[in-house]
1. Under a 10 Å cutoff between Cα atoms, tell me which one of Lys47, Lys208, Lys73 has the largest fluctuation in the Gaussian network model of the chain.
2. To the nearest 0.05, what FRET efficiency results for Lys25 and Asp99 with a Förster distance of 30 Å applied to their C-beta separation?
3. For the chain, what does the helix formula give at 222 nm: sum of -39500 (n - 2.57) over DSSP H segments with n ≥ 4, over the residue count, nearest 500 deg cm²/dmol?
4. Please report, to one decimal in angstroms, the Kirkwood hydrodynamic radius of the stretch 161-219 built from all distinct Cα-Cα pairs.
5. How much accessible surface does Ile144 have with a 1.4 Å probe, in Å² rounded to 10?
6. Before anything else, pin down the relative contact order of the stretch 29-143: Cα pairs under 8 Å, at least 6 apart, normalised by residue count, whole percent.
7. Computed over the Cα atoms, what is the radius of gyration of the stretch 102-235 divided by 2.2 N^0.38 Å, N being its residue count?
8. Towards the positive end of the charge dipole of the stretch 57-117, with charges on Cβ (+1 Lys, Arg; -1 Asp, Glu), say which of Pro62, Gly94, Ala104 has the farthest Cα.
Amino acid sequence: MTSTVSTLKVLSAGAVKSGVAQVAKEFERATGTRVTVEFNTAPELRKRIAAGEAADVVVAPPAAMEEFQKLGKIVAGSRGFVGRSRMGVVVHAGAPAPDVATSAAFRKALAAATAVVYNKASSGIYSAKLMEKLGLDKELGAKIVVVDTGSAIMKTVAERGPGAIGLAQISEVMVMMDKGCAVKLAAPLPDEIQNVTSYDAAAIAGSKSPDAARKLAGSLASDAAKKIFAATGIS
């Protein structure tokens with residue numbers, strides 16, 4: 001009698017999209033268990049999991065994981081470190097890369113931009129605070145464009161053309177460049193204002209396939225997975 005192959009559902013932050021997708025495929029090949037992955041911003045993941053959405057594994061920043069842990073939404077002992085993502089400055093593929101080597105140069109480049117684009121995810125929340133810190137929120141005014149996702153940052157910069165600057169996770173920039181989006185990574189944010197976001201994986205409490213969910217969460221945090229993530233800009 002042939003056994004039914006189960007399906008695992010992963011809810012993941014978008015910045016680790018490429019690596020999670022690759023590890024999920026490797027897991028499918030090794031176990032025969034189908035894996036579906038849905039990507040969203042950390043704030044949306046919080047809403048979905050807090051609301052009790054059925055899923056098996058979550059990949060999210062530590063702050064969200066702490067919240068899930070307190071709510072009893074993830075399995076104790078299943079949480080593991082996936083990697084860290086850094087932010088970069090994105091410009092149109094045909095534009096010269098601006099000097100952003102220091103925070104002063106970065107501020108000057110943004111002040112001269114025709115648009116400054118970031119999203120509503122964790123990195124976008126940081127970007128908004130950075131604009132306030134540098135006194136650019138009022139100076140830029142309507143030039144600031146806030147979009148929903150990381151991929152939308154690159155699409156918007158590509159559509160706006162030379163002069164537009166995006167602030168995005170480097171891993172997401174790499175994904176969109178590979179897809180042929182007309183953008184390029186000018187440089188990482190200067191060290192003094194860099195934002196490093198960590199990501200963890202954990203099995204979700206209430207999974208209908210708890211053993212497989214724990215195994216997949218472990219795979220996402222394994223040494224083998226870290227090599228895959230490193231190649232996608234997650235270190």
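1. Lys47
2. Numbers: r = 40 Å, r/R0 = 1.32.
So the FRET efficiency works out to roughly 0.15.
3. Here the helix-only value at 222 nm equals -12000 deg cm²/dmol.
4. Taking the inverse mean of 1/r over all distinct Cα pairs, the stretch 161-219 comes out at 14.9 Å.
5. Approximately 40 Å² of Ile144 is accessible to the 1.4 Å probe.
6. 22 percent.
7. Taking N as the residue count of the stretch 102-235, the ratio is 1.24.
8. Pro62
The values are calculated or read from the model by the stated rules, or taken from the named source; none is laboratory data. Note that the structure is a prediction, hence the values are computed from the model and not measured. A quick note on method: Cβ atoms are made from the backbone with ideal geometry, for glycine too, and the neighbour counts reach across all protein chains shown. What goes into the accessible areas is simple: the full protein's heavy atoms, side chains included, and nothing from ligands, DNA or RNA. Shrake-Rupley method; radii C 1.70, N 1.55, O 1.52, S 1.80 Å.
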